[in-house]
Amino acid sequence: MTSSVLDLAPVVPVVVLEDAADAVPLARALVAGGLPAIEVTLRTAAAPDAIRAIAAEVPDAVVGAGTVISGRNVSDTVAAGARFLVSPGWTDRLLDAMKASGVPFLPGVSTTSEVVALLERGVTEMKFFPAEAAGGTAYLKALSAPLPQARFCPTGGISLASAPSYLALPNVGCVGGSWMVPADAIAAKDWARVERLASEAAALRG
C-alpha cells in the first residue's frame with residue numbers, strides 16, 4: 001500500500017461498530033463502493049475484533065484504527081491487523097508509540113502550534129479534528145500559506161455537501177466522515193445502501 005493514508009481515497013469512512021459480526025459485510029460494501037481505506041474507531045468493545053475480521057477476510061480493504069489515544073491502543077490494534085492509525089490528538093508518548101508501530105499514522109491537531117510541533121518532529125501528515133468546530137475550510141486555507149508542508153485529513157462534522165470544499169484545498173489529501181456508514185443502515189444490515197453512499201463519496205474530487 002502507499003505509505004500515505006491521505007492518498008488511498010478522497011474519503012476515509014469513520015466506522016463505529018457495536019457488533020463485530022457487521023465488520024466484514026460493511027467493509028465489503030465500502031470497498032465495492034470504491035472506499036478501500038476504513039477507519040474503525042476504538043469507541044466500542046467490538047472494535048478490535050472488527051479490525052481483526054476485516055484484516056483477515058477483506059483483502060482489498062486497508063483497515064485502520066481510529067480514536068487511538070494510548071500506546072496500548074497502538075500495539076493492540078496493529079497486532080489485530082490495523083494498517084494505519086488515527087488519533088484525535090497527540091502527546092509525545094503517543095507519537096513515539098505510533099512512530100514505532102511501523103504503520104502510517106495521522107496524529108490529530110486543531111491548532112497551529114500543534115501543527116508546528118509535529119513538523120518539528122518530522123511529521124507532515126495529520127488529522128485535523130474536529131474540523132468544522134475548529135474552523136473548517138477557512139482555518140485550513142489560512143494554514144496553507146505559512147505551513148505548506150503540512151497535509152491534512154479533516155474529520156468531524158463533514159458531509160457529502162461540504163467535503164468538496166475541503167478536498168479543493170491544496171493541503172488536504174482526503175477527508176474523514178461517517179455519512180456513508182449511517183447507524184440505521186448498519187443496524188438494518190442495508191449493505192446495498194452503504195455501497196451506494198460509498199460510491200457517491202468515492203466520486204468526490206477536489
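Rule-based calculations on the coordinates, nothing more; no lab input. Just so it is clear, the model here is predicted, and its values are computed rather than measured. A quick note on method: Cβ atoms are made from the backbone with ideal geometry, for glycine too, and the neighbour counts reach across all protein chains shown.
On the basis of being more than 16 Å from Leu6 (Cα to Cα), without any contact (Cβ under 8 Å) to a residue 60 or more places away in the chain and under 17 Å from the mean Cα position of the chain (by Cα), does Gly157 make the cut? When the stated conditions are applied, Gly157 passes them. Of all residues in segment 116-128, none are in a loop (DSSP other than H, G, I, E, B), in contact with a strand residue (DSSP E or B) (Cβ under 9 Å, 6 or more places away or on another chain) and not β-branched (Val, Ile, Thr). Give just the number: which of (1) in contact with a Leu (Cβ under 7 Å, 6 or more places away or on another chain); (2) among the β-branched types (Val, Ile, Thr); (3) within 15 Å of Val31 (Cβ to Cβ) does Val63 not satisfy? Unmet condition: (1). Residue pairs whose Cβ atoms lie under 7 Å apart, separated by 6 or more positions or on different chains, with the first residue in segment 140-151 and within 10 Å of Val172 (Cβ to Cβ) and the second aromatic (Phe, Trp, Tyr) and crowded, with 19+ Cβ neighbours inside 10 Å, are Leu140/Phe128; Leu140/Phe152. Taken together, Thr111, Thr124, Thr155 contain a single residue that is β-branched (Val, Ile, Thr) and touching a Phe, Trp or Tyr at 6+ places or on another chain (Cβ under 8 Å), which is Thr155.
Residue-wise test of (1) under 28 Å from Val116 (Cα atoms); (2) buried (at least 18 other Cβ atoms within 10 Å of the Cβ); (3) among the acidic types (Asp, Glu).
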| residue | (1), (2), (3) |
| --- | --- |
| Gly156 | yes, yes, no |
| Ala168 | yes, no, no |
| Val181 | no, yes, no |
| Ala185 | no, yes, no |
| Ala188 | no, no, no |
| Trp191 | no, yes, no |
| Val194 | no, yes, no |
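Just one of the numbered conditions (1) within 18 Å of Leu6 (Cα to Cα); (2) part of a loop (DSSP other than H, G, I, E, B); (3) among the small types (Gly, Ala, Ser) is not true of Ala133: (1). All conditions in (1) within 25 Å of Asp49 (Cα to Cα); (2) out of contact with any Ser or Thr (no Cβ under 7 Å at 6 or more places or on another chain) hold for Lys127, with the sole exception of (2).
Among the residues of segment 70-83, are any under 20 Å from Ala198 (Cα atoms), surrounded by 24 or more Cβ atoms within 10 Å (Cβ to Cβ) and not polar (S, T, N, Q)? No, segment 70-83 contains no residue that is under 20 Å from Ala198 (Cα atoms), surrounded by 24 or more Cβ atoms within 10 Å (Cβ to Cβ) and not polar (S, T, N, Q). The set of residues from segment 105-115 being touching a residue at least 24 places away in the same chain (Cβ under 8 Å) and surrounded by fewer than 21 Cβ atoms within 10 Å (Cβ to Cβ) comprises Ser110, Thr112, Glu114.
Can we say Ala150 is farther than 29 Å from Ala23 by Cβ and over 17 Å from the mean Cα position of the chain (by Cα)? No, not satisfied.
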